[in-house]
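Scroll down for the structure; my scribbles are underneath it.
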Amino acid sequence: MFRFVLHRLALIVPTVFGLTVVAFGLVRLIPGDPVRVMAGIHGVSPERHAELMHQYGFDLPLWQQYLGFLNGLLHGDLGTSLITRSSVLSDFFSRFPATVELSLVALLLALFIGLPAGMIAAVKRGSLFDHAVMGAALTGYSMPIFWWGLLLIVFFSGYLGWTPVSGRMDAWFFIQPITGFMLMDTLLQGETDAFWSAVRHLVLPAVALATIPLAVIARQTRSAMLEVLGQDYVRTARAKGLAPWRVVGLHALRNALVPVITVTGLQVGLLFAGAILTETIFSWPGVGKWLVEAVYRRDYPSVQGGVLLVALMVMLVNLSVDLMYGLIDPRIRHRRS
Amino acid sequence: MRKSRILGAALVAALFLPLAAGAASKHLVFCSEGSPSGFNPQFYDDGTTFDASSRPLYNRLVEFKLGTTDFEPGLAESWDISDDGLTYTFHLRKGVKWQTTPWFKPTREFNADDVLYSFNRQWKKDHPWHQVGGGNYQYFAGMGFPKLLKAIEKLDDHTVRFELNAPNSAFLPDLAMDFASILSAEYAEQLMEAGTPEQMNHNPVGTGPFVFVNYQKDAIIRYKANPDYFVERPKIDNLVFAITPDASVRLQKTKAGECQVMSFPNPADLDTIKKDADIELMEQAGLNVGYLAMNVEREPFDNVKVRQALALAVDRKTIIDVIFNGYAEIASNPIPPSVLGYVKDLQDYDYDPERARELLAEAGYADGFETDLWAMPVARPYNPNARRMAQLILSDWEKIGVKTKIVSFEWGEYLKRVAAGEHQTAFLGWTGDNGDPDNFLYTLLGCDGVASGTNLARWCNDAFNELVTKAQRVSDRDERAELYHEAIRIFKEEAPWITLDHSTVFLPVRKSVKNYVMDPMGGHYFHAVDVD
């Protein structure tokens, strides 16, 4: 197990290095430059353009700019945003908890509904329930998030008035950010009204964001379960007279979990991407929206830093998934590499 | 549905009562379309940032009269202009207090030092604050101030003298613009000593009607009324900006009463808004112009007959009906009707495809030709759907034998390429910064604009250029108007643009809001507003 973990951790270094190159290079591939975008419609004279490019260091040869970026990284400095003029790290982390909160709740929703739905669909294969679940999964998977989000708002907030329209919290609550997670901060400060407001604000965006992962997890669980349920040991367990829920819930599920975990891990990466659209529709003040704005405005430092940080997060999640395999499937951790 | 709404509204009311200390405190929530880039207006040039910074928090020497492009005394209560137009002496208002906040307690009132700090910081490269925040002062440079200013002197605590290098009749309206907001020199000193000068962009201090309370990134900005505001204490006690990027969502919030004012409604929603009994749809002629520029440096647009022919071939009435749902007027001038120099009843290129074909033949293109037409990917006030408009014009031009290819790029790239003149024809537009004709005509059609990329037609006409340059230095309004009339006639004759539209700007406001006045330059001001 130890060698397994060590092996995984050792792979991080070249991966991160590759990530820095990609984060740095991608944004510079986009045509246009920050100075011109900042000048916008007012335009900028060639001399002024050259002056400003020099000031920001964007006229240096690319390899020099890249080394400057790396050097800053090693000192923990991801640069300063050209727009807000504050550090990219602070811009990112002031918005990150919001994205994490939303993504986590969406993921939990997807798991708590998707897993059981997939399991039962597998057990009751061919039944009405099975077809309904698979049909719903296909629909959920095919819907564009922004359309679905708007639909939810128009129906639940506009027509029924059950949920607030957008945002994280009602405007008149002022909660001191401690952890950055509204659900926790409100309880920590004893503001139960604010807590329920935060919950009500979370419902629709979490549902919208959870839809695709839910569909994927349901389908994947179903197919993994079907495969496992067809195995001999399951027949043996049934023959031994074990209760059906033990057979399915304990033995079968545990073995079906590996592909499900894989897919869930991948979904986390996609959650960050989907969060961008959901965050825009629901005015959720997270990282996705911030990053998209930064790309439009060619805020090189923010895009570089933001892409790198998000990629690191996704990498960490995938690493955890890898390690979890080792925990769940003994065959993996004892394999001689 | 009704029951939950009423319950919701009651809950809202109940939650607000504790905020009141005795009398009911008034609050207003504004659904804004984006996050501010920061709170120091000197760095930025977008309306979203100005709505959140310069407009509620700060004042300027000169201010625009709300609802107009006229200006009136602000922090300067009067001024003297020398006969040669080169020296402006401002007499500063006494008794203007700086805001007291948790991060700053002023020990003195507003005086000349603040004016000097605010301008010198943007102007002098060796000023200790010049590089704070990056050293890029968009509008200060964009309005030509580094070249214009010769000297700024403090004569005494309440008198400041500006000396210019050349007379410029737009100088006073320029000083009413957001970049010319006056910041506190004392606060600057405090921050510099503490080693945290960048805080000026995050924890602002101004003299304006509202005091900054806090900003939850990308979510909510809170302000409270400035009790010492020198004009009049605002009637609204708590001002909240709820940042809501999607226009349909903003509308939903306004309908639900979660916000009382919203910016930039979807054109498609306008009819729905009109039907809502609780919302008033305010409208105003926008200080803007949408146009199609023809690059005179590229064949066949170097031929004036070709340009005129293409102008005659466009059915602008259909464009107004289809693209704007009728909510715009056809533009004949390159400036909107409210701006000085506008020529009433200017002879325009009214839709006449027959005459267009004739002219094209006269120019030697009886068989037509091929061209591109660049369209923006984003909605602008003067053009909500450029790609669709391009399709309309494509079919108009096809009728006279001109084959068009529609080209589009992502917004940042679009701006870069049209500034470099890569297009044959391109859509763009302009919203006035200060209501002055020079802001439109010199910037967009003057010879200097070709190099800086603001003159998309790349049209440099000596007679026109001379007229608009001369008009910059003339202070007599009627004389200026005459010069601009002549210039506009030359422009119309030479037709480097097809002038398309002046669009109407809309603002949905709930009926509980009183005294909201729309700003022709698109700003959102709340200091004179009251709520029931």
Quiz prompt | Set A:Ala110, A:Ala122: member being under 30 Å from A:Ser302 (Cβ atoms), in contact (Cβ under 8 Å) with a residue 12 or more places away in the chain, small (Gly, Ala, Ser) and in a helix (DSSP H, G or I) | solution = A:Ala110
Quiz item: Can B:Phe90 be described as away from chain A (no Cβ under 13 Å), modelled with pLDDT under 95, in contact with a strand residue (DSSP E or B) (Cβ under 8 Å, 6 or more places away or on another chain) and under 16 Å from B:Ala180 (Cα atoms)?
Solution: no
Quiz item: If you check B:Tyr229, B:Tyr291, which single one turns out to be at pLDDT 90 or above and either within 23 Å of the chain's Cα centre (by Cα) or surrounded by fewer than 18 Cβ atoms within 10 Å (Cβ to Cβ) (or both)?
Solution: B:Tyr291
Quiz item: Given segment B:393-481, what helices (runs of 4 or more DSSP H) lie entirely inside it while holding 2 or more residues that are away from chain A (no Cβ under 14 Å) and basic (Lys, Arg)?
Solution: B:462-473
Quiz item: Taking segment B:15-52 as the region of interest, how many residues are over 27 Å from B:Tyr137 (Cβ atoms), more than 11 Å from every other protein chain (Cβ to nearest Cβ) and modelled with pLDDT of 90 or more?
Solution: 1
Quiz item: With A:Thr99, A:Thr84 as the choices, which residue is within 13 Å of chain B (Cβ to nearest Cβ), farther than 30 Å from A:Asn255 by Cα, at pLDDT 90 or above and crowded, with 19+ Cβ neighbours inside 10 Å?
Solution: A:Thr99
Exercise. Specify the residue that is nearest to B:Phe90 (Cα to Cα); the eligible residues are those in segment B:150-175 that are of a type in the set (A, V, I, L, M, F, W, C) and at pLDDT below 95.
Key: B:Leu172
Quiz item: Of the residues that make up segment A:147-164, is at least one within 25 Å of A:Val314 (Cβ to Cβ) and modelled with pLDDT of 90 or more?
Solution: yes
Quiz item: Say we look at segment A:224-243 and pick out the residues that are out of contact with any Lys or Arg (no Cβ under 8 Å at 6 or more places or on another chain) and in contact (Cβ under 8 Å) with a residue 24 or more places away in the chain; which of these is farthest from A:Ala132 (Cα to Cα)?
Solution: A:Gln231
Exercise. Could you grab the pairs with beta carbons closer than 8 Å, sequence gap of 6+ or different chains, first residue in segment B:76-99 and at positive phi, second one among the small types (Gly, Ala, Ser) and surrounded by fewer than 18 Cβ atoms within 10 Å (Cβ to Cβ)?
Key: B:Gly85/B:Ser475
Exercise. Taking A:Gly43 as the residue in question, decide whether it is modelled with pLDDT under 85, over 15 Å from B:Gln138 (Cα atoms), surrounded by 16 or more Cβ atoms within 10 Å (Cβ to Cβ) and at the interface with chain B (Cβ under 8 Å from one of its Cβ atoms).
Key: no
Quiz item: Picking from B:Leu183, B:Leu172, which residue would you name as being in contact with a Ser or Thr (Cβ under 9 Å, 6 or more places away or on another chain) and away from chain A (no Cβ under 14 Å)?
Solution: B:Leu183
Exercise. Confirm whether A:Trp162 is surrounded by fewer than 15 Cβ atoms within 10 Å (Cβ to Cβ), at the interface with another protein chain (Cβ under 8 Å from one of its Cβ atoms) and over 22 Å from B:Tyr223 (Cα atoms).
Key: yes
Practice problem: Mind listing just one residue for me: the one in segment B:250-274 that is within 14 Å of another protein chain (Cβ to nearest Cβ) and basic (Lys, Arg) and, of those, surrounded by the most Cβ atoms within 10 Å (Cβ to Cβ)? | Solution: B:Arg250
Practice problem: Among the residues of segment B:265-311, write down those that are out of contact with any Gly (no Cβ under 9 Å at 6 or more places or on another chain) and aromatic (Phe, Trp, Tyr). | Solution: B:Phe301
Exercise. Spot the failing condition for B:Leu28; the list is (1) outside the structural domain of B:Phe179 (by TED's automatic domain parsing); (2) surrounded by fewer than 24 Cβ atoms within 10 Å (Cβ to Cβ), and only one is missed.
Key: (2)
Exercise. Exactly one condition in (1) surrounded by 13 or more Cβ atoms within 10 Å (Cβ to Cβ); (2) in a helix (DSSP H, G or I) is not met by A:Phe17; state its number.
Key: (1)
Exercise. Using the structure shown, decide if A:Gly167 is over 21 Å from A:Val263 (Cα atoms), facing chain B (nearest Cβ under 8 Å) and over 25 Å from the mean Cα position of the chain (by Cα).
Key: no
Quiz prompt | Filter result (under 19 Å from A:Val216 (Cβ atoms) and over 22 Å from the mean Cα position of the chain (by Cα)) within segment A:130-156 | solution = A:Asp130, A:His131, A:Ala132, A:Val133, A:Met134, A:Gly135, A:Ala136
Self-check item: Per-region count, segment A:141-153, residues in a helix (DSSP H, G or I) and more than 7 Å from chain B (Cβ to nearest Cβ)
Solution: 9
Exercise. Test B:Ala268 against the criterion of being within 30 Å of B:Asp46 (Cβ to Cβ) and in a strand (DSSP E or B), and give yes or no.
Key: no
Exercise. Can you confirm whether segment B:363-382 contains a residue that is in the same structural domain as B:Ala495 (by TED's automatic domain parsing), under 13 Å from B:Arg316 (Cα atoms) and of a type in the set (Phe, Trp, Tyr)?
Key: no
Quiz item: Taking segment A:11-28, which residues are out of contact with any Leu (no Cβ under 8 Å at 6 or more places or on another chain) and modelled with pLDDT under 85?
Solution: A:Leu11, A:Val13, A:Val27
Practice problem: Scan segment A:282-308 for residues that are at the interface with chain B (Cβ under 8 Å from one of its Cβ atoms), of a type in the set (A, V, I, L, M, F, W, C) and closer than 18 Å to A:Leu78 by Cα and jot them down. | Solution: A:Trp290
Quiz item: Hey, does segment B:371-388 have a residue that's in contact (Cβ under 8 Å) with a residue 40 or more places away in the chain, within 14 Å of another protein chain (Cβ to nearest Cβ), in a helix (DSSP H, G or I) and out of contact with any helix residue (DSSP H, G or I) (no Cβ under 7 Å at 6 or more places or on another chain)?
Solution: yes
Quiz item: So how many residues does segment A:176-196 have that are at the interface with chain B (Cβ under 9 Å from one of its Cβ atoms) and either under 19 Å from A:Leu104 (Cβ atoms) or within 24 Å of the chain's Cα centre (by Cα) (or both)?
Solution: 1
Self-check item: Test: residue in segment B:227-238 that is part of a strand (DSSP E or B) and without any contact (Cβ under 8 Å) to a residue 24 or more places away in the chain
Solution: no
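The values are calculated or read from the model by the stated rules, or taken from the named source; none is laboratory data. Since the model is a prediction, treat every value here as computed from it, not as a measurement. When we count neighbours, we look across all protein chains shown, and the Cβ atoms used for this are built from the backbone with ideal geometry, even at glycine.
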